[in-house]
Structure formats: structure tokens, C-alpha cells
1. Exactly one of these conditions fails for GLU27: (1) under 30 Å from ASP111 (Cα atoms); (2) assigned to a loop (DSSP other than H, G, I, E, B); (3) charged (D, E, K, R). Give me its number.
2. Just a yes or no: is a residue in segment 161-175 among the small types (Gly, Ala, Ser), assigned to a loop (DSSP other than H, G, I, E, B), under 27 Å from ILE301 (Cα atoms) and out of contact with any Leu (no Cβ under 7 Å at 6 or more places or on another chain)?
3. Go over the candidates ILE177, ILE88 one by one and state the one that is of a type in the set (A, V, I, L, M) and within 30 Å of LEU214 (Cα to Cα).
4. Considering only segment 65-105, state which residues are among the acidic types (Asp, Glu), touching a residue at least 12 places away in the same chain (Cβ under 8 Å) and farther than 18 Å from VAL148 by Cα.
5. Give the residue that is surrounded by the most Cβ atoms within 10 Å (Cβ to Cβ), with candidates limited to residues of segment 136-148 that are in contact (Cβ under 8 Å) with a residue 40 or more places away in the chain and touching a helix residue (DSSP H, G or I) at 6+ places or on another chain (Cβ under 7 Å).
6. Within segment 39-94, track down each residue that is of a type in the set (Lys, Arg) and buried (at least 17 other Cβ atoms within 10 Å of the Cβ).
7. When the residues of segment 260-275 are narrowed to those that are out of contact with any Phe, Trp or Tyr (no Cβ under 6 Å at 6 or more places or on another chain) and either more than 27 Å from ILE83 (Cβ to Cβ) or of a type in the set (Lys, Arg) (or both), which ends up surrounded by the fewest Cβ atoms within 10 Å (Cβ to Cβ)?
8. Determine whether ASP113 is out of contact with any strand residue (DSSP E or B) (no Cβ under 6 Å at 6 or more places or on another chain), surrounded by fewer than 17 Cβ atoms within 10 Å (Cβ to Cβ) and within 30 Å of ASP76 (Cβ to Cβ).
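The values are calculated or read from the model by the stated rules, or taken from the named source; none is laboratory data. This is a predicted model, so every value here is computed, not measured. Here the Cβ is made from the backbone with ideal geometry for all residues, glycine too, and neighbour counts use every protein chain on show.
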Amino acid sequence: RQLLRLAALLHDLGHAPFSHASDDLFENGMDHEKYSEKLILTLPIKDIINQLPDKGINVTSMDVSSLLSGENIDADGAFLKEIYTGEIDVDKMDYLLRDSLFTGVHYGRFDHDRLINTLCLIQTPNSEDVIRTLAVEEGGLHALEALVLARYFMFTQVYFHRVRRSYDHHLENFLKIKLGHYPLNLDDYLTWDDNKVLGLLKEATDNEDARCILTRNHYVEAFNTPEHTDSEQRTRFKWMSEKVIEEFPDVKCYIDEAEKAPHKFQKVDFYVKKRDRGEISLVTKESKIINSLQNIEQYRIFVSRENRDQVKTFCDKFWLQNQG
């Protein structure tokens, strides 16, 4: 229990400034999770955790780091990892409710009490070994569906909102010019926090992206596809994007591709424990709602405000004239 608590509390320590907005600045296969693993093995966190055995808690910093990385863990460790970073995990439950609160929207809300109370342990079906896995009782299926829908709507309405995507572009572009890549050295990496980036933005009076952020004069949407594009629409959008760049060589354009799967139940088995006779069934078999959700694939063209009207007119005309 203590190992799981520590892993859940510490697994996001390595986030870069402004969360995922600048993930493209990681290099050499690094990401925020790998930085978290390293930080847990570094002072002062290492010493704090390694004092726990003296207090009767048999957990070390290496135990926590190994659980985060998934390396050298047994079946019990794999089960613990599933709880905080699986398809139905406490991390999703936390950030959906928290982001819903702080953004002032209701999309991320779901009955987490009901969901947690109906989670259960089962032996993995068709497994020769006795391997425990997380499942949900049949009575909690609708609460599980609500979690999946909450995540889906938070992505379509908040995380992939056009203004949010525009500011992410400006921030990432600014940091690529100012920094290039996040340093691999932990001490250097830890100097990069929100306050440092905000200070650099205020100092960069000659940088267009910094000005766009500070004056709230961000690039605006000139065109967007539906939230769920088909192959013909994707091809048409790519062709149109190339034509926009040719037609407006002096206009700075940002081509945005927002893509996300609503869940991974087609790849990761998750089970429902039926009321009658305790039968086990895949959630994809039991939930038509979950099966009906399509991948989010929305593509946009952003330009400066003064160029929006002419680019929008061109895009709207091109899109209609070349539809399949």
C-alpha cells in the first residue's frame, strides 16, 4: 500500500514547465516519467524514502523507481502499476476531476466513488499462471463509461480547444528557440519551472511568440476539420495546407494535428465481472457506448489575426471545391 501511494504521488515529479505543452523538447528518448524515475533516486527525495524502513515501512527509493519504470517487477508489481497508470487508473481520475474544477467546466466529472467501490480483483482469464488484474463489477459499468466519456469530452472541449492549442504552439516554439532541448542533467533540468519560463517570456521583447502570449494576441483558427476525420478528409487537409503555404508565402501558418484515442480497450484487455455466476467478460463486449467512441482526429490551420480572413476564405473555398 505504501509503495503504491509513493508511486502515485511521485510519478509526475519530472513534468516539464506547463505540463505537456513542451514535451517535444525532450531528447534522447527522455520523457517526464523517466525524469521522475531518476529524481526519486536523487537527493533529497532518495534519503527521505530510504528512511521509511526505520519507521516500519519496508519501501526504498529503488522500489519506487523500479515500479515506475516497470523493470524487474513481479506480477504483484505489475498489478500495482496498473492501478496508477493503467487504462482505468487513479491518475486519470485525479486529473479529470481536478482539471474540471480549475477550468470551470463539468465535462471531467464522473461518479468516482461508485467506480472505486466497484473495482475488484480477478484472475486473468486464459492465463496458466495465477495473475491478478483489475476489473469492474457489472454494477460499476456505467461509472466506468462515465470516466471514459469524461476523458473524451475533456480532450475535445478543453485539452484540444483551439485557444489552448494555439498557446501551446507559441510556448513550444519560444522554448525551442530559447532552449532547443531540455538538459539531460537533473540539476539543470530542475531549474526549468513555470516561473523561469514566465520570466524569460517577459524578457524576450523581440520574440513574436513571447509577445503573442504576453499580450494574448495569439494566432487564431482559420480552418478546422471535424473532430473525427476520415482518410479522404485527412488527405484533402494535407493538400490544402500545402496550397495555403504556396498561396500565402509571407503569412506565418501553424498546422495543428490534434489526435487522441478515447481509450485503449481494443489493445488492453479490461474485464467486467458479471453479477450472475461471477462470469468474466471483456468491457468491449459489454459496453456499446465505449465501442461507439471514435479516435479524435482534428486538424487546424492557425494564422495571425490580421491574416485570418483571407486565409479562411481561401480554405473554405478550397475545401468545398475539392471534397470527395
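1. Failed condition: (1).
2. At the first step, the residues of segment 161-175 found to be among the small types (Gly, Ala, Ser) are 166.
Subsequent filtering for residues that are assigned to a loop (DSSP other than H, G, I, E, B) retains none.
No; the residues of segment 161-175 include none that is among the small types (Gly, Ala, Ser), assigned to a loop (DSSP other than H, G, I, E, B), under 27 Å from ILE301 (Cα atoms) and out of contact with any Leu (no Cβ under 7 Å at 6 or more places or on another chain).
3. Details: ILE88 fails: within 30 Å of LEU214 (Cα to Cα).
Testing whether each residue is of a type in the set (A, V, I, L, M) and within 30 Å of LEU214 (Cα to Cα) leaves just ILE177.
4. Residue satisfying the conditions is ASP76 alone.
5. Our first condition is that a residue be in contact (Cβ under 8 Å) with a residue 40 or more places away in the chain; within segment 136-148, this holds for 136-139, 141, 144-145, 147-148.
Okay, now just the ones that are also touching a helix residue (DSSP H, G or I) at 6+ places or on another chain (Cβ under 7 Å), so 136-137, 139, 141, 144-145, 147-148.
Numbers: VAL136: 23, GLU137: 17, GLY139: 13, LEU141: 20, LEU144: 28, GLU145: 19, LEU147: 25, VAL148: 21.
Among those residues, the one meeting the criterion is LEU144.
6. First, pick out the residues of segment 39-94 that are of a type in the set (Lys, Arg): 46, 55, 81, 92.
Correct list: LYS46, LYS81, LYS92.
7. Taking segment 260-275 and keeping what is out of contact with any Phe, Trp or Tyr (no Cβ under 6 Å at 6 or more places or on another chain), we get 261, 263-275.
From what's left, either more than 27 Å from ILE83 (Cβ to Cβ) or of a type in the set (Lys, Arg) (or both): 264, 267, 273-275.
Numbers: LYS264: 10, LYS267: 8, LYS273: 20, LYS274: 14, ARG275: 10.
The residue in question is LYS267.
8. Yes; evaluated as a whole, the condition is true for this residue.
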